[in-house]
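Input: a single structure, listed below in structure tokens.
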Amino acid sequence: MHRIKKVYANEYEHQANKRLHLFKNDVLPVIRSDADSENKRRKAVIVDLDDVFFYTNPIFTKAKILNLSGDDLWKFFNKYAGSCPANMWALEIVKLYSRAGLKPIFITARSKELQIITIDAIVGYIGWCFELYMRELNDRRPSEAVKEDILTKEVLPRYNIRFALDDDIKNCEMFAKYGIPVLHVINSEGKSCPDVTKYCKTLAVSDIRSD
Ligand SMILES: [Mg+2]
């Protein structure tokens, strides 16, 4: 017991000395400044749309069966995207964090061609409490490049991002590059890498949609 108290006391003294040292060397104001700018930015969470917030797996599965790719794939996707329901688990996460004061920010590789139906669909579930960033028309870069641009130019300067949800591992790696904790959504019935989804059998046989 005596030993534990002594360790705590030493740790306290150690931290106090560190703060004193920083103050003496004029480093502390810089640290405070960083903390202040962090606090000024509103807390937010980044959420992907397709196969995360929206249950779009059947569209991609059907497209795969039809062997669609490139423009044909996206025309097919655009035709059905407006009618996709939300994944209840993702909706619950977004609502919970929104009620706690964290802004939901949807960053999607969907083209702005789908802006109106996408906004309508999100508003139908959570109202007007979110921001939405989409791929510009005719931007054909990979998803992670599109999202990285949006993240660095639009989102990070204004928001303190607590975590990101995405099913595309390349997007996850991109977010992680900026120090953002990422929750990787694994789709057992969608388009994810089989190396990642090989453990998904228990989810696939449950009554929870496994995306
Ligand atoms: Mg996705």
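Return the residues of region 92-145 that are charged (D, E, K, R), touching a strand residue (DSSP E or B) at 6+ places or on another chain (Cβ under 9 Å) and assigned to a loop (DSSP other than H, G, I, E, B); say none if nothing qualifies. Once the filter is applied, which keeps residues that are charged (D, E, K, R), touching a strand residue (DSSP E or B) at 6+ places or on another chain (Cβ under 9 Å) and assigned to a loop (DSSP other than H, G, I, E, B), region 92-145 yields GLU136, ASP139, ARG141. Pairing each residue of region 171-187 that is free of Cβ contacts under 8 Å to residues at least 12 places away in the same chain and closer than 15 Å to THR152 by Cβ with any residue that is of a type in the set (Val, Ile, Thr) and within 13 Å of the ligand (Cβ to nearest atom), provided the two are 6+ apart or on different chains, yields C-beta distances under 7 Å for ALA176/VAL182. Counting only residues that are in contact with a Leu (Cβ under 9 Å, 6 or more places away or on another chain) and in contact (Cβ under 8 Å) with a residue 40 or more places away in the chain, region 74-93 holds 2 of them. As a summary of the residue check, SER111 satisfies the conditions (1) within 24 Å of LYS43 (Cα to Cα); (2) in contact (Cβ under 8 Å) with a residue 24 or more places away in the chain; (3) surrounded by 15 or more Cβ atoms within 10 Å (Cβ to Cβ) except for the one numbered (1).
Condition check ((1) modelled with pLDDT under 85; (2) within 15 Å of the ligand (Cβ to nearest atom)) across all residues:
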{"residue": "LYS5", "(1), (2)": "yes, no"}
{"residue": "LEU28", "(1), (2)": "yes, no"}
{"residue": "ASN39", "(1), (2)": "yes, no"}
{"residue": "VAL52", "(1), (2)": "no, yes"}
{"residue": "ARG99", "(1), (2)": "no, no"}
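For first residues located in region 137-163 and over 16 Å from LYS112 (Cα atoms), partners that are basic (Lys, Arg) and assigned to a helix (DSSP H, G or I) and lie 6+ apart or on another chain with Cβ distances below 9 Å form the pairs GLU144/LYS170; GLU148/LYS177; ASN160/LYS40. Has region 67-86 got any residue that is under 22 Å from ASP168 (Cα atoms), assigned by TED's automatic domain parsing to the domain that holds GLU154, charged (D, E, K, R) and surrounded by 13 or more Cβ atoms within 10 Å (Cβ to Cβ)? The answer is no, given that none of the residues of region 67-86 is under 22 Å from ASP168 (Cα atoms), assigned by TED's automatic domain parsing to the domain that holds GLU154, charged (D, E, K, R) and surrounded by 13 or more Cβ atoms within 10 Å (Cβ to Cβ).
Can you find even one residue in region 137-156 that is touching a Leu at 6+ places or on another chain (Cβ under 8 Å) and of a type in the set (A, V, I, L, M)? Looking through region 137-156, none of the residues is touching a Leu at 6+ places or on another chain (Cβ under 8 Å) and of a type in the set (A, V, I, L, M). Within region 169-186, the residues that satisfy the criterion of being in contact with a helix residue (DSSP H, G or I) (Cβ under 6 Å, 6 or more places away or on another chain) and either of a type outside the set (Val, Ile, Thr) or more than 16 Å from the ligand (Cβ to nearest atom) (or both) are LYS170, ASN171, MET174, HIS184.
The values are calculated or read from the model by the stated rules, or taken from the named source; none is laboratory data. Note that the structure is a prediction, hence the values are computed from the model and not measured. Please note: Cβ atoms are built from the backbone with ideal geometry, for glycine as well, and neighbour counts cover all protein chains shown.
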